[in-house]
Amino acid sequence: LAASLTLSVPSSQALPNPYILPPSTRATLSALGASFSAPLSVKNTFVFTNVTAPGSYLVDVHCVTHAFAPLRLDVAADGSLSAWETYRGNDWDNRGEVYTAKDFEGGGKGFEVRVLGGKNYFMERSKFSVLTILKNPMILLGLVSMGIFLGMPYLVDNMDPEMRAEFEERQKSNPMNSILGGGGDAGASPIGNFDMAAFLAGTGKKEESSSS
């Protein structure tokens, strides 16, 4: 027994005007040991005749410009049609939303296929933007550090005299000053009087070796 099937491409948000589909668009019915193909007609339909029944088929619409959702089509022995949304890579019995059969002009009966959206074969090159650079965390950290470095002298000049004196006193007692300053005030800090060469050689300070 053979059955007839009509698939229609309706207007939708993804495809407002189905008439822009290229004439090379085709629909196929695939099953184990059977395959059917139908071209796109001027009415935006795909008409299949002599479809073997009973049978279960995968419906695919092949288009260069747009992607379509695949369907599972079951044709009963009496020629009745049933369709569900199907998912690639899943079990064949994992059926999705049921499609409602419709009667089309000319006596055809079938279903409306769903357009997923347009196909994009090219990736748009990203444009240069200064804001993109400024959003980089490392750039933001550098800008904050530079702001602190440039703004610190102005903050010190505007400080209260007592607070400024206390700040300078703390800076003098900071061990890092003797390291960064080459150990100019060696007597004030034990770090500035540290002899790395003598320590690695296993001897004491230079002063102790010279006195002995």
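The values are calculated or read from the model by the stated rules, or taken from the named source; none is laboratory data. Remember, it's a predicted structure, so these values are computed and weren't measured experimentally. Backbone-built Cβ (ideal geometry, glycine too); neighbour counts: all protein chains shown.
Looking at the stretch 1-45, which of the residues that are in a loop (DSSP other than H, G, I, E, B) and among the small types (Gly, Ala, Ser) is surrounded by the fewest Cβ atoms within 10 Å (Cβ to Cβ)? For the stretch 1-45, the residue satisfying everything is 33.
Residues in the stretch 52-62 that are surrounded by 15 or more Cβ atoms within 10 Å (Cβ to Cβ), within 42 Å of the chain's Cα centre (by Cα) and either over 18 Å from residue 32 (Cβ atoms) or among the β-branched types (Val, Ile, Thr) (or both): 59, 61. Every condition in (1) at pLDDT 65 or above; (2) within 52 Å of the chain's Cα centre (by Cα); (3) surrounded by 10 or more Cβ atoms within 10 Å (Cβ to Cβ) holds for residue 138 except the one numbered (3). Candidates 109, 119: the one that is closer than 21 Å to residue 39 by Cα, basic (Lys, Arg) and under 30 Å from the mean Cα position of the chain (by Cα) is 119.
Here is a yes/no grid of residues against (1) surrounded by 13 or more Cβ atoms within 10 Å (Cβ to Cβ); (2) in a loop (DSSP other than H, G, I, E, B):
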| position | (1), (2) |
| --- | --- |
| 47 | yes, no |
| 64 | no, yes |
| 78 | no, yes |
| 95 | yes, yes |
